[in-house]
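The values are calculated or read from the model by the stated rules, or taken from the named source; none is laboratory data. Remember, predicted model here, so these are calculated numbers, not experimental data. Positions of Cβ are generated from backbone atoms using ideal geometry, with glycine treated the same way; all protein chains shown enter the neighbour counts.
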Amino acid sequence: MSQPPPPPGNQPGFGPQPPQYGYPPQQPNPYAQPPTHPQGQQPPPPPPPPGPYGPNPYAQAPTQPLPGYGYQPYPQYPQPPKRGNGKVAAIVAAAIAAVLVVGTGVFLAAGDDDGPSDTPAKGGGSSRPAGDGPLKARALWDKKAVRPSKSEITAPVAEAWFTGNAVVKTMPDALRSFDLDSGKENWSIPLEGESCPGPESAAGDRLVLQYGTDCDSVIAVDIAHGKKLWAKKLPDPDGRTSHSYSQIALTGDTAAVSWIGGSVAYKISTGAVLWTPKAGSECADKGYHGGSALVAVVECGGFGGDEYVQGLGEGGAKKWSWQVPSGSEVYSVISTDPVVVGLSAGSLSMTDIVYLDGGKMKSRISLGAGGADATYRIHCEDNRCTNVAVDGTTIYLPTKTHSGSGTSYSQTNEIAALDLTTGKPKWLAKPDQERELKIVGVSGGKVVAYQKNTYDKPGRLLRLDPATRGFTVFMELPESGKDLENDFLDSDSGWWLYEDHFFLTSDHISASANLTDRSIAAFG
């Protein structure tokens, strides 16, 4: 819940900085910054949203989604508008949830910790003994989605959640659960209206999603049993509120939802309202990020006012607050435990990563000009960041892709480990084969990475041991699955590892028949 914080101390400068030793120099940012609309205004129709938060929440200019696994891994190039109202998805590492992207990509759709084997630590988690050789995976199953209406253009369906022996996936028309091994549908719950971005993580076996016209409703679901718990309309005091360009985050028994000009939090177990904005407050919650902790991005003083990152406790009480330096904006929250925040300083993309401890900035990592010239490649969209993993006080980032040393035209990159307490690089690790790496997450203290397939080799999953900086092959995908991989290479995709099963998921399903309608593929 937004609360006016005290003024901060002096902060170091942000934005493009000289490259760190051993890393490529950065180029000036070529992108201009178009104007945005003041908070609360809802011009018809709404403009394309900037970054992960929609128009005016954080960034002040529209950014674009990562174009799959092509040779433009961190682009700003035009993509079709989303939801039929001009929405365009934001950038940051692919599907990362690092789950990896999960991204899920980041999927770890980006893993924040070493979760148990039954939790896809945003990507990680395996029950196989560490000493076993590579798992020779098979292509198990895949599912296509019902295309959205042409008026919606594209439907965001990035998220995936796991429980027991099932993967739960958003589709343009429903929430569906599939058996890990067979792909048999366990249950489905219809979701009427527009497709809406979901939370990065579930709260145990409970999930809260937005759905409906302009994403104006929320539904709570027990994903272990496919049972609807409750559903209700989001607040609309004047009857003219648009709940598009929204964010939803789950932590414990709290589901917090924000949109342009409003916010609300519910008790997941009962649907009771926990908090809404205080009348007359000069501050407004602009976005929420959940997981093991709940973090809010707050703007005070109206459009163009001061921005803060705040840690929230039970009932929305402020635990700590950090003021964003003047000239910078929150681009996304990469991790909530520890708190790692991506900033944009005079750019349309992420230029800096800061580590906060108790509301105090401990370090800053410069990404240079960001965008296609960023030193490291992280993808953030909607409620999540992918192609990144945070484990303790170390952040793992993939470097910018570059030509390999051989005679082929392959693109390759490395994984960099950086110390969050100092902001300085610790080391770089390079695999034996020169292919592009995407970070899936951290499992058992080791970094899991997806090495993309090439025209002559299927993809594979690697494990990187931080102690030795050496890679080992964890899973080899089948030659017969290359066509499946290619389907996801050509779209915005996520990568997920759960119980020795590897999943590729699409971030968006297009209304166009010229683009793939494959939503998920399973290997194991």
*Give the number of residues within the range 475-488 that are surrounded by fewer than 21 Cβ atoms within 10 Å (Cβ to Cβ) and either assigned to a strand (DSSP E or B) or at positive phi (or both).*
1
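Residues are listed down the side, and each one gets a yes or a no for (1) surrounded by fewer than 22 Cβ atoms within 10 Å (Cβ to Cβ); (2) in contact with a His (Cβ under 8 Å, 6 or more places away or on another chain); (3) at pLDDT 95 or above:
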| site | (1), (2), (3) |
| --- | --- |
| 198 | no, no, no |
| 201 | no, no, no |
| 204 | yes, no, yes |
| 216 | yes, yes, no |
| 225 | yes, no, yes |
| 229 | yes, no, yes |
*Scan the range 231-288 residue by residue and report those that are more than 23 Å from residue 202 (Cα to Cα) and either touching a helix residue (DSSP H, G or I) at 6+ places or on another chain (Cβ under 7 Å) or hydroxyl-bearing (Ser, Thr, Tyr) (or both).*
241, 242, 281
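Condition check ((1) out of contact with any Asp or Glu (no Cβ under 6 Å at 6 or more places or on another chain); (2) in a strand (DSSP E or B); (3) more than 16 Å from residue 336 (Cα to Cα)) across all residues:
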position	(1), (2), (3)
256	yes, yes, no
269	no, no, yes
278	yes, no, yes
284	no, yes, yes
287	yes, yes, no
291	yes, no, no
298	no, yes, no
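So, in the range 497-524, of the ones that are of a type in the set (A, V, I, L, M, F, W, C) and at pLDDT below 95, which residue ends up surrounded by the fewest Cβ atoms within 10 Å (Cβ to Cβ)?
Pass one, the range 497-524, residues of a type in the set (A, V, I, L, M, F, W, C): 497, 502-504, 509, 511, 513, 515, 520-523.
From the residues that got through so far, the ones that are at pLDDT below 95 too are 504, 509, 511, 513, 515, 520-521.
On the way: 504: 29, 509: 27, 511: 18, 513: 8, 515: 17, 520: 24, 521: 23.
Filtering the range 497-524 for residues that are of a type in the set (A, V, I, L, M, F, W, C) and at pLDDT below 95, the one surrounded by the fewest Cβ atoms within 10 Å (Cβ to Cβ) comes out as 513.
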*Any idea which of (1) aliphatic (A, V, I, L, M); (2) farther than 19 Å from residue 287 by Cβ; (3) over 18 Å from the mean Cα position of the chain (by Cα) is the one residue 260 doesn't satisfy?*
(2)
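I'd like the full set of residues that are of a type in the set (Val, Ile, Thr) and within 24 Å of residue 139 (Cβ to Cβ), limited to the range 162-202.
The first filter runs over the range 162-202 and keeps only residues of a type in the set (Val, Ile, Thr), leaving 163, 167-168, 170, 189.
If the condition is that a residue be of a type in the set (Val, Ile, Thr) and within 24 Å of residue 139 (Cβ to Cβ), then 163, 167, 168, 170 are the ones that fit.
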*In the range 433-474, which residue that is part of a loop (DSSP other than H, G, I, E, B) and in contact with a helix residue (DSSP H, G or I) (Cβ under 6 Å, 6 or more places away or on another chain) is farthest from residue 402 (Cα to Cα)?*
458
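Tell me, please, whether a residue that is of a type in the set (Ser, Thr, Tyr) and modelled with pLDDT under 95 can be found in the range 410-427.
To start, the set of residues in the range 410-427 that are of a type in the set (Ser, Thr, Tyr) comprises 410, 412, 421-422.
Adding the requirement that they be modelled with pLDDT under 95 leaves 410, 412.
Looking through the range 410-427, at least one residue is of a type in the set (Ser, Thr, Tyr) and modelled with pLDDT under 95.
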*asked:* Condition first: aromatic (Phe, Trp, Tyr) and surrounded by 24 or more Cβ atoms within 10 Å (Cβ to Cβ). Can you find one or more residues in the range 309-330 that meet it?
replied: no
_For the range 258-267, give me each residue that is modelled with pLDDT under 95 and either within 20 Å of residue 229 (Cα to Cα) or outside any strand (DSSP E or B) (or both)._
260, 261
*Counting only residues that are surrounded by fewer than 23 Cβ atoms within 10 Å (Cβ to Cβ) and over 22 Å from residue 391 (Cα atoms), how many does the range 454-470 have?*
6
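So, in the range 250-292, how many residues would count as being polar (S, T, N, Q), closer than 16 Å to residue 216 by Cα and surrounded by fewer than 23 Cβ atoms within 10 Å (Cβ to Cβ)?
Summing the residues that are polar (S, T, N, Q), closer than 16 Å to residue 216 by Cα and surrounded by fewer than 23 Cβ atoms within 10 Å (Cβ to Cβ) in the range 250-292 gives 1.
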*Considering only residues that are at pLDDT 80 or above and assigned to a strand (DSSP E or B), look in the range 142-163 and name the one that is surrounded by the fewest Cβ atoms within 10 Å (Cβ to Cβ).*
144
*What residue, of 382, 357, is under 20 Å from residue 295 (Cβ atoms) and crowded, with 24+ Cβ neighbours inside 10 Å?*
382
*Which is among the aromatic types (Phe, Trp, Tyr) and either over 21 Å from the mean Cα position of the chain (by Cα) or at pLDDT 90 or above (or both), of 474, 488?*
474
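Could you tell me whether residue 311 is in contact (Cβ under 8 Å) with a residue 40 or more places away in the chain, within 13 Å of residue 289 (Cα to Cα) and not charged (D, E, K, R)?
Working: in contact (Cβ under 8 Å) with a residue 40 or more places away in the chain: yes; within 13 Å of residue 289 (Cα to Cα): yes; not charged (D, E, K, R): yes.
For residue 311, the condition - in contact (Cβ under 8 Å) with a residue 40 or more places away in the chain, within 13 Å of residue 289 (Cα to Cα) and not charged (D, E, K, R) - is met.
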*Hey, can you tell me all the residues within the range 332-348 that are of a type outside the set (Gly, Ala, Ser) and modelled with pLDDT under 95?*
348
*Counting residues that are closer than 25 Å to residue 261 by Cα, which strands (runs of 3 or more DSSP E) fully inside the range 301-390 reach at least 1?*
306-312, 318-323, 328-336, 339-345, 379-381, 384-386
